[in-house]
Amino acid sequence: MVLLLQPRNSQALDSLAAAQQDPHSALYHHWLTPAQYAAEFGASPLELAGIASWLASQGFHVDEVAANGRMMLFSGTAAQVNAAFHAQMAQFLVRGEARAANAADPSVPAQFAGVIAAIAGLHDGRSVPAHTPVAEFAAGTANYLAPADVATIYDIAPLYPQGIDGAGAGVAVLARSNLIPADLAAFRGSFGLSVQAPQVIVNGADPGTSNEADLEETELDAEWSGAIAPEASIDVVASAS
């Protein structure tokens, strides 16, 4: 459940974000903690308690309230979703696969209309890439794309002799899958990169590696962010949803 940002808060958030990126501002790079964000821009504790109480009355289980006060995770059955949100849950055939999704826009009680922005995740569909990359660099009879190619294409190579290689910095990769460490070790070893295993941070239930498409996406993101910034620490944050 995604919670609304009130118009007055939206303007304040835009102003804060601009000031945080303005070197001439006193707020330059003064980041907010999740708790500070919640106090300034999140739903009030009273609003959160009211929504949680209503969800419980409908048979749902409130799994988590986001630290920033803008999202609430809850779970329940399709029948409970139909009764509470009038969403008309149904089965659909999508590209030969059975998928569950709502056939109607969900609705919420009038007392929460000014607080709830959206009910997300009522379906089990997954996004797919809009484009499939094709490597244009050949070695023998096969095509490959190596870290040095990317550094040349994006004009990153001149930074390396200056010592700008990611050392002391970190990259967070948000993923729907865990990864196979041996795959990343093989990638880095193949291209002469320092062996530096990413840290995997599991957010909630471990999604594992059974979904091949999500596994490939996770490993590609971790490999290539580490290829561009070879000395940076890579944190893979894996969430099942």
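The values are calculated or read from the model by the stated rules, or taken from the named source; none is laboratory data. Note that the structure is a prediction, hence the values are computed from the model and not measured. Neighbour counts are summed over all protein chains in view; Cβ atoms, including those assigned to glycine, are modelled from backbone coordinates with ideal geometry. Please note that ligands, DNA and RNA were not included when accessible areas were found on the heavy atoms of the full protein model with its side chains. Shrake-Rupley method; radii C 1.70, N 1.55, O 1.52, S 1.80 Å.
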* Can we say THR209 is touching a strand residue (DSSP E or B) at 6+ places or on another chain (Cβ under 7 Å), of a type in the set (Ser, Thr, Tyr) and either part of a strand (DSSP E or B) or surrounded by 13 or more Cβ atoms within 10 Å (Cβ to Cβ) (or both)? -> no
* Within the range 29-38, can one find any residue that is at pLDDT below 95 and small (Gly, Ala, Ser)? -> yes
* To do: Find the residue count for the range 193-232, including only residues that are touching a residue at least 12 places away in the same chain (Cβ under 8 Å), aliphatic (A, V, I, L, M) and over 27 Å from ASP124 (Cα atoms).
  => 6
* To do: Filter the range 1-19 down to residues that are in contact with a Phe, Trp or Tyr (Cβ under 8 Å, 6 or more places away or on another chain) and in contact (Cβ under 8 Å) with a residue 60 or more places away in the chain and give me whichever is farthest from LEU55 (Cα to Cα).
  => LEU5
* To do: Among residues belonging to the range 210-228 that are more than 16 Å from SER190 (Cα to Cα) and over 17 Å from the mean Cα position of the chain (by Cα), point out the one that is modelled with the highest pLDDT.
  => SER210
* Among residues of the range 14-44, those that are within 22 Å of ALA120 (Cβ to Cβ) and out of contact with any Leu (no Cβ under 7 Å at 6 or more places or on another chain), counted -> 5
* Asked: Would you pick out the residues in the range 113-130 that are open to solvent by 70 Å² or more (accessible area, probe 1.4 Å) and either small (Gly, Ala, Ser) or over 23 Å from the mean Cα position of the chain (by Cα) (or both)?
  -> SER127, ALA130
* Asked: Name the pairs: first residue in the range 20-46 and at positive phi, second residue modelled with pLDDT of 95 or more, Cβ to Cβ under 7 Å, at least 6 apart or on different chains?
  -> HIS29/GLN20
* Quickly run through the range 76-89 and pick out the residues that are touching a Gly at 6+ places or on another chain (Cβ under 8 Å), in a loop (DSSP other than H, G, I, E, B) and farther than 30 Å from TYR37 by Cβ. => THR77
* If ALA110 passes every condition in (1) open to solvent by 60 Å² or more (accessible area, probe 1.4 Å); (2) on the phi > 0 side of the Ramachandran plot; (3) of a type outside the set (S, T, N, Q) but one, which one does it miss? -> (2)
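Out of the residues in the range 59-75 meeting the condition of being part of a loop (DSSP other than H, G, I, E, B) and surrounded by fewer than 15 Cβ atoms within 10 Å (Cβ to Cβ), tell me which one is modelled with the lowest pLDDT.
If we take residues in the range 59-75 being part of a loop (DSSP other than H, G, I, E, B) and surrounded by fewer than 15 Cβ atoms within 10 Å (Cβ to Cβ), then ALA67 is modelled with the lowest pLDDT.
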* For the subset of the range 134-164 comprising residues that are touching a Leu at 6+ places or on another chain (Cβ under 8 Å) and closer than 17 Å to ASP221 by Cα, which member is modelled with the highest pLDDT? -> PRO147
* Among the candidates GLU216, GLU223, single out the residue that is surrounded by fewer than 17 Cβ atoms within 10 Å (Cβ to Cβ) and of a type in the set (Asp, Glu). => GLU216
* **Residues within the range 29-58 that are among the β-branched types (Val, Ile, Thr) and either open to solvent by less than 60 Å² (accessible area, probe 1.4 Å) or more than 23 Å from the chain's Cα centre (by Cα) (or both), tallied** => 1
